[in-house]
Amino acid sequence: MCRAVTVLCVAPDREQLIALKRAVVAAEWELTAGAIDLRGALDQIDVERPHAMVVVGPFEELVAMVAERFPGMRIVADHEMPGATVVAEMSDAREALRVQRRPGGPVG
């Protein structure tokens with residue numbers, strides 16, 4: 001059985017989160033509920049175990065924490081942050097996510 005790649009979207013408010021999720025949605029992966037703050041993002045990472053994260057806005061602390069704690073997680077951002085791939089437009093995030101390796105191993 002193959003597990004789907006899951007993606008966590010993080011934005012500073014609900015409207016931007018909805019727009020971000022629309023920009024990155026694709027048949028190749030599943031989106032988590034998404035988060036609008038640091039605590040919500042960390043909670044979803046602990047529960048959902050996403051394989052990738054797409055970030056818009058001032059989440060440098062989150063990106064640094066995730067890059068250190070989960071070095072294999074693909075991180076895509078709208079501006080320069082250590083540990084993240086930067087895309088000029090969020091519509092380019094889909095292509096950046098496509099290079100994410102598919103998860104393997106047992107499902108459980």
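The values are calculated or read from the model by the stated rules, or taken from the named source; none is laboratory data. Being a predicted model, the structure only gives us computed values, none of them experimental. Cβ atoms come from the backbone with ideal geometry, glycine included; neighbour counts cover every protein chain shown. Areas reflect the complete protein model, heavy atoms only, side chains present, ligands, DNA and RNA absent. Shrake-Rupley method; radii C 1.70, N 1.55, O 1.52, S 1.80 Å.
In region 77-85 there is no residue matching the filter, namely being open to solvent by 20 Å² or more (accessible area, probe 1.4 Å), modelled with pLDDT under 95 and under 13 Å from VAL5 (Cα atoms). Taking each residue of region 50-79 that is in contact (Cβ under 8 Å) with a residue 24 or more places away in the chain and looking for partners that are of a type in the set (D, E, K, R) and buried (at least 16 other Cβ atoms within 10 Å of the Cβ) with beta-carbon atoms closer than 8 Å, six or more apart or interchain, yields HIS51/ARG74; ALA52/ARG74; MET53/ARG74; VAL55/ASP78; VAL56/ASP78; GLY57/ASP78. Being small (Gly, Ala, Ser) and within 11 Å of the chain's Cα centre (by Cα): is that true of ALA4 here? The answer is no for ALA4. Only one entry in ALA27, ALA35 is of a type outside the set (S, T, N, Q) and modelled with pLDDT of 95 or more, namely ALA35. The number of residues in region 38-50 being within 20 Å of VAL86 (Cα to Cα) and either open to solvent by 50 Å² or more (accessible area, probe 1.4 Å) or modelled with pLDDT under 95 (or both) comes to 1.
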